[in-house]
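J.: Below is the structure I would like to discuss, written out as structure tokens.
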Amino acid sequence: MTLPRLQEASRTTWAPQVIAPSYLRGGEPGVLHLGLGAFHRAHQALVFEHLLSAGDGRWGIHGVGMTRPDLVDCLKAQDGLYAVRVADAQGLKWQVCGALWRLSVAARQRPEVVQAMAHPALRWITLTVTEKGYSPELGQLLADGLRLRQAAGGAGLTVASCDNLRGNGQVLQALVLAACPDEPLRDWIATHCAFPCSMVDRIVPAMSAPIREQAQAVLGVNDQAALGTEGFWEWVIENRFADPSDAAVLQSAGVQVTDQVPVYEDAKLRMLNGSHSAMALIGAVTGRACISDCIEQPHIRDFITRLIEREVAPHLARSDWRDYRDALLRRFANPHLRHSVHQIATDSSLKIAQRWPPSILGQLQRGGSIDHHALAAAVWLRYALGHAEDGTPYAIQDPSEALLRALAAGQQQAPQASVQALLARPELWGAQLPGQSHWVARVTHWHQRILEAGVDGAIRQLLQEIA
């Protein structure tokens, strides 16, 4: 039997246990979001959904996919509706999000997107575009929209980056100002618009067939845009808004408004993202498909716990890092997420440069152990061979794939030279870490153990040798 599609017209057929939008959808969106991927739809969109459900109609979203018309067309066919499965130790719940009121694709509807930035009803622009760094084209798109808004006499906007970039609000503001054609526009943006820094945290695996199938079974309708996520989420945002009253509004939805975003940002990048990268590489090489498959192994769990406690936490200002650590371990073990190690390992050459070096350098300066990071770096070199220990090949999705494969190719015959070549690259490790002899020695040591005993064997040896 063919199920009806998830749409407003099929609402009467949705299963009664599903949380559905309880407000009148439509009207002019107050938020324009750039980057309509899974993360936004399972994170910020649900925050705005909460505000809409509470009766504040200013938070409807104009969702803009940057380059993917397939996703936007799918959501349009579903009236912007999609289901989210939230799963944790307390159980499962399904929610249909109705916050997407309008949809566009920037690559094919650029004038429409620029015009939307000038609409009087718009109050916010949010972004989840990339963690690789913003392009000049993005800066130009925003500058063009803000120029129209200035010319129309519109009010200023809050332009909030939610990308995993350090100082993301400052980075975005500088990008937009650099794209402005004249000084009056730059002055208007600097005076009337706000670019708060923010940190967002929620594990959201990519869309998958099993989630779509579960959505159909539970909702009783066909939802091609269904998502799965965890119960935990954080949005920490700088107290810097075009409309200062938005601070209290966001706090009412559970968002943390603070002047100390870097404290949370550092903890997330180094504790969550840093350990995620280590586990993803370990999982790929050992043939474990998902993060939960890794963390359920006692030796990997102990390794990650010690990585956080001994080499990361000493250099963080987040006072509740122990509670955050415990939450991370529970989240990693969530069997419902099925978060692919290969998805997380994508673009490792860009991610690791942000996630590992600050902790390693901090440990070197205080004379502390760097062995957990050293072993993770050695696993990265082994990962770059492109096949698991049982011989199963996998794709390396990384802008530096050719370089990584070249560095890894000779590691069986000349392991020390391969390690030295990997660690000498400042684009992978930053300016300070290359040339640190103790770092090179420890990575070389653990790389040799991996070649001799395999990744699992090397981790067990580390746990025994470094009590």
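Read-outs: derived from the displayed coordinates by stated rules, not from any lab. Being a predicted model, the structure only gives us computed values, none of them experimental. Cβ: placed from backbone, ideal geometry, glycine included. Neighbour counts: every protein chain shown.
J.: Counting only DSSP beta bridges with both residues in the stretch 8-259, what percent are antiparallel, rounded to the nearest 5?
T.: Around 30 percent antiparallel, to the nearest 5.
J.: Follow-up. Quote the charge dipole size of the stretch 104-176 about the Cα centre in Debye, to the nearest 20; the model charges only the Cβ of Lys and Arg (+1) and of Asp and Glu (-1).
T.: The dipole magnitude comes to about 80 debye.
J.: Separate question: Okay, helix-only estimate at 222 nm for the chain: each DSSP H run of n ≥ 4 adds -39500 (n - 2.57), divide by all residues, round to 500 deg cm²/dmol; what do you get?
T.: Value at 222 nm, helices only, nearest 500: -14000 deg cm²/dmol.
J.: At a threshold of 8 angstrom on Cα-Cα distance, excluding pairs fewer than six apart, so keeping six or more, what relative contact order does the chain reach in percent?
T.: 13 percent
J.: Which order do peptides 96-106, 3-13, 324-334 fall in by mean Cβ count within 10 Å, highest first?
T.: 96-106, 324-334, 3-13
J.: Let me ask you something else. Rounding to the nearest 20 debye, state how big the charge dipole of the stretch 1-115 is about its Cα centre with +1 on each Lys and Arg Cβ and -1 on each Asp and Glu Cβ.
T.: Its charge dipole is roughly 140 debye.
J.: Please give the helix 437-465 orientation as an angle from the longest Cα principal axis of the chain, in degrees from 0 to 90, rounded to the nearest 10.
T.: For helix 437-465, the angle is close to 90 degrees.
J.: May I ask which residue of P244, H43, G98 lies farthest towards the positive end of the charge dipole of the stretch 8-259, with charges of +1 (Lys, Arg) and -1 (Asp, Glu) on Cβ and the Cα centre as origin?
T.: G98
J.: Quick one: work out the % antiparallel among DSSP beta bridges in the chain, nearest 5.
T.: 30 percent
J.: Using alpha carbons only, how many angstrom separate the centre of the stretch 1-22 from the centre of the stretch 226-253?
T.: Cα centroid of the stretch 1-22 versus Cα centroid of the stretch 226-253: 28 Å apart.
J.: Magnitude of the Cβ-charge dipole of the stretch 276-347, K/R +1 and D/E -1, about the Cα centre, nearest 20 debye?
T.: My answer is approximately 80 debye.
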